[in-house]
1. Could you pull out the pairs from K364/K385; K52/K110; K125/K165; K500/K552; K52/K76; K76/K178 whose alpha carbons sit more than 28 Å apart here?
2. Tell me, in nm to one decimal, what length is gained between Y527 and K52 on full extension, where the rule is 0.36 nm per residue of separation less the Cα-Cα distance?
3. Within region 261-297, name every residue whose backbone N is under 12 Å away from a label modeled 7 Å from Cα of Q324 along the Cβ vector.
4. I want to check the label-to-label distance for V558 and E451. Put each point 7 Å from Cα in the C-beta direction and report it in nm to one decimal.
5. For a Förster distance of 45 Å, can you work out the FRET efficiency between the beta-carbons of K428 and L459, rounded to the nearest 0.05?
6. Restricting attention to region 103-198, which trypsin sites (Lys or Arg not before Pro) occupy a DSSP loop and are surrounded by at most 13 other Cβ atoms within 10 Å?
7. Run the numbers for E316 and K110: contour at 0.36 nm per residue of separation, minus the present Cα-Cα distance, in nm.
8. Can you compute the modelled spin-label distance between A302 and W372, with each label point 7 Å from Cα toward Cβ, in nm?
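What follows is calculated from the coordinates using simple rules that are stated; it is not laboratory data. Note that the structure is predicted; figures quoted are calculated from it, not measured. Because the Cβ atoms are built from the backbone with ideal geometry, glycine has one as well, and the counts that use them run over all protein chains shown.
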Amino acid sequence: ILTDSICVPGFDPSLSMMTGITPINPMIPGMGLVPPPPPTDVPVVKEIIHCKSCTLFPPNPNLPPPSTRERPPGCKTVFVGGLPENATEEIIQEVFEQCGDITAIRKSKKNFCHIRFAEEFMVDKAIYLSGYRMRLGSSTDKKDSGRLHVDFAQARDDFYEWECKQRMLAREERHRRKMEEDRLRPPSPPAIMHYSEHEAALLAEKLKDDSKFSEAITVLLTWIERGEVNRRSANQFYSMVQSANSHVRRLMNEKAAHEQEMEQAKESFKNALTGILTQFEQIVAVFNASTRQKAWDHFSKAQRKNIDIWRKHSEELRNAHSEQLMGIRREEEMEMSDDDSGDNPSKKLRVDDSALAAQAYALKEENDSLRWQLDAYRNEVELLKQEKGQLFRTEESLTKDQQLQFLQQTMQGMQQQLLSIQEELNNKKSELEQAKEEQTHTQAMLKVLQEQLKSAKELAEINGHDESQANEINVLTVALVNQDREKNSEKRSPGLKSEKEALLIGIISTFLHVHPFGANIEYLWSYMQQLDSRISANEIEMLLMRLPRMFKQEFTGVGATLEKRWKFCAFEGIKTV
């Protein structure tokens with residue numbers, strides 16, 4: 001591949017070390033004997049290689065490439081077979097040293113040798129020479145020629161170096177992971193000092209400072225949990241607890257300010273949501289106008305389909321935003337009702353920070369601190385008295401107190417049960433009285449109707465009327481009885497429970513009004529399913545049965561075509577009245 005001018009026989013690799021230039025590897029593509037490895041899909045074309053003592057002739061390109069064994073890990077040694085019998089170690093080194101630095105050559109008497117290189121990549125360049133026919137000088141003797149076979153060799157030194165390298169890489173990886181974990185680990189909390197009077201005085205000053213309050217309150221909590229509070233240090237700890245309590249007002253004021261910011265953010269969000277909802281309404285109006293016949297007829301089938309899909313998507317988004325806005329308004333109404341029912345404690349804490357109020361508050365705190373110190377001294381005196389001569393309560397008195405508390409709790413529970421039972425009894429009594437009143441009323445009505453019926457029959461017999469008039473009288477009495485029963489049922493039937501039921505009644509009334517021949521419950525449920533997917537047919541039927549004055553049920557058809565239909569009859573009741 002290369003010209004003879006580049007393959008200088010007297011090339012000295014130590015020249016680069018003297019001049020400070022990076023050493024040039026003779027086997028680098030474009031700089032040595034072996035060309036760069038060609039792509040796999042391009043056929044390899046090898047050429048003659050001329051050396052000082054020998055010549056290498058390439059193999060037949062039509063033959064398959066020479067086979068090699070599996071490459072061992074960290075392989076730096078190659079096996080070279082098929083050497084000429086007269087080949088010396090100097091000739092072998094002359095041929096293969098251009099593949100890289102050779103550390104050792106072990107030649108055998110049976111025309112093969114092992115060559116160990118300094119780096120692993122040099123082995124690949126040596127494998128390239130496999131299949132070449134080597135001829136020493138210009139001799140035609142069989143002892144001066146041979147076909148080279150270069151293959152990977154398994155050496156213990158190579159495997160040991162590879163294992164050492166892998167262990168070093170594993171150590172570096174562990175060290176890198178440890179450094180990363182140390183970098184990401186949160187810092188340890190600072191050590192808390194032990195209690196002393198000097199440290200307590202410094203901590204009391206820190207508790208009064210707003211910027212150092214969080215750190216100081218942690219130290220105070222640790223001291224109290226350690227059990228540093230005793231009779232001698234109780235007053236000092238009490239003053240520190242009092243200082244911690246003085247920050248409550250500041251924290252409540254900060255909370256009120258944050259609540260005000262949150263209310264402003266809610267208001268701005270509500271206004272933005274209202275604007276978005278208005279734009280959604282305009283978009284839906286455009287789609288509705290497009291679906292009217294004037295414009296709808298001019299669109300193609302694909303355009304109509306896209307417009308219909310866009311309209312449904314816009315309506316879903318509009319309904320979702322509308323529900324979200326209604327939820328925000330309901331929350332505001334509930335908060336306003338809570339504010340009306342009771343004063344907000346945060347408002348009570350908003351005190352004017354005038355000079356007079358500040359002085360009054362400081363005097364009050366000073367008075368409270370003095371009073372609490374006096375109470376502490378009194379408690380100490382009482383403790384000393386108890387230690388000197390007063391007797392402590394015995395275990396029997398403690399058990400008696402616990403028994404009394406348990407009995408009091410059971411009595412309170414029984415009293416609450418009795419109150420609930422009395423309320424239920426009163427409710428049952430009231431219901432029984434109402435039922436009795438209704439029964440007496442219906443009996444009186446029946447008696448009056450029976451008397452009217454008798455008198456009407458007597459008049460009919462006297463005046464000689466026919467049976468048709470008597471039947472009309474019976475129909476009249478039955479109608480009066482039914483009317484009375486309907487009035488009683490209206491008194492007993494409960495009203496509407498929620499806005500949802502009122503909305504359902506309005507939609508069902510409109511639907512049945514435009515269907516004068518009625519509709520069965522499945523047809524009605526399929527229509528309502530488009531508006532509310534969570535509603536069931538049983539729920540609609542129970543709602544219709546609760547309102548007999550507005551909806552009535554009729555049977556149509558004969559035999560297998562018998563069908564049960566619901567009709568809207570509210571207007572008929574108004575006409576009869």
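1. K364/K385; K76/K178
2. That pair, Y527 and K52, stretches by 161.0 nm at full extension.
3. Zone members listed by number: 269-277.
4. 4.8 nm
5. 0.45
6. K109, K110
7. 65.2 nm
8. Result: 8.1 nm between the two label points.
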